[in-house]
Amino acid sequence: MGGLGLVACVPQDEETVQEAPFAPVYNGIETRLLDGDLVNFIVEMEGARTLADVEDYARCAAAQYALIRGFGFARHVRTRVAEEGATWRGDAVYTISAALPQGVKLIDAEVTVADCGERGIPTV
């Protein structure tokens, strides 16, 4: 005679279920000048929660690069993100400029670099 086992579903208290803390590892930034004001940033990190974390890393690199080159602004052109195991890679392209460029995804380099520093995201 076979027996059936019963499994009780016990709700967990919200306080006992905690997410792991965000502890990314930033593995580096590669910068390539494509043409005049067009710059490619290759970033690599581990521990990203979503592709937005990789995009933030590339944005921080672009902002610092703009400041290093004496420019105050950057405009996002495109970002491709790939995940391979625990490693995330971003391939982003930005234009840099001294004047506020036209477009939707604009970066004020000084403000962005300060924000990246507060968030612990490294720059170029």
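The values are calculated or read from the model by the stated rules, or taken from the named source; none is laboratory data. Bear in mind the structure is a predicted one, so any value in this text is a computation, not a measurement. Cβ sites come from the backbone with ideal geometry, for glycine too, and all protein chains shown count toward neighbours. These accessible areas exclude ligands, DNA and RNA; they are computed on the full protein's heavy atoms, side chains included. Shrake-Rupley method; radii C 1.70, N 1.55, O 1.52, S 1.80 Å.
A few points about this structure:
- Signed unit charges on C-beta, dipole axis of the range 29-124, positive-most listed residue Ile121, Gly70, Tyr57: Gly70
- Gain in span if fully extended, Asp115 to Ala86, counting 0.36 nm per residue against the direct Cα distance: 7.9 nm
- Counted charge near His76, where neighbours are those whose Cβ lies closer than 14 Å (Asp, Glu -1; Lys, Arg +1): 0
- Rounded to the nearest 20 debye, dipole of the range 37-124 from Cβ charges on Lys, Arg, Asp, Glu: 280
- Stokes-Einstein D in µm²/s, Kirkwood radius over Cα pairs - the range 72-124 at 25 °C with 0.890 mPa s viscosity: 195
- Accessible surface computed residue by residue for the range 36-124, with neighbouring protein chains in place and a 1.4 Å probe, gives 51 Å² per residue.
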